[in-house]
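J.: Shown below is the structure under consideration.
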Amino acid sequence: MDKDTELFEQKLKEKLVKKDFNFRGYFFPEWAIFENIEFEEAVDFSGATFQKDAAFYEATFQSANFSGATFQKDAYFSGATLRERVTSMKIQKNHELHTLLNASIIQQNPYIN
């Protein structure tokens, strides 16, 4: 792992510890792993770019804004819980959004758009 990647991961961990869930416009150069994280407040990924896979397995969202976010690889939401609202996501063609439609909370939530 190079120094830039290590620094990015360190800064990301610091944001999560501080409960700073504003990732608006962020560029995620490596796997973005938000596994088993409880976003206790609204999380903003609007305009973010995920260059590699993104994993939100078992994550809990109070509300989430993915408006204008681009996933260049796959995104995984298996077991994710959404308590309020999520905005739409743009998935770059030729890649799949895994399990988003199968996540039980998303099937139950009328606020997906």
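What follows is calculated from the coordinates using simple rules that are stated; it is not laboratory data. What you are looking at is a predicted structure, and each value in this text was computed from that prediction instead of being measured. Cβ: placed from backbone, ideal geometry, glycine included. Neighbour counts: every protein chain shown.
J.: Can you give the local net charge around Phe21? Use residues other than it whose beta-carbon is closer than 11 angstrom to its beta-carbon, Lys and Arg +1, Asp and Glu -1.
T.: Summing Lys/Arg as +1 and Asp/Glu as -1 gives -1.
J.: Quickly rank 9-19, 58-68, 30-40 as a protection proxy: mean count of other C-beta atoms within 10 Å, highest first.
T.: The peptides rank, most packed first, as 58-68, 30-40, 9-19.
J.: Taking neighbour counts of Cβ atoms within 10 Å as a proxy for exposure, in what order, fewest first, do Tyr76, Tyr57 appear?
T.: Listed from fewest to most nearby Cβ atoms, that is Tyr57, Tyr76.
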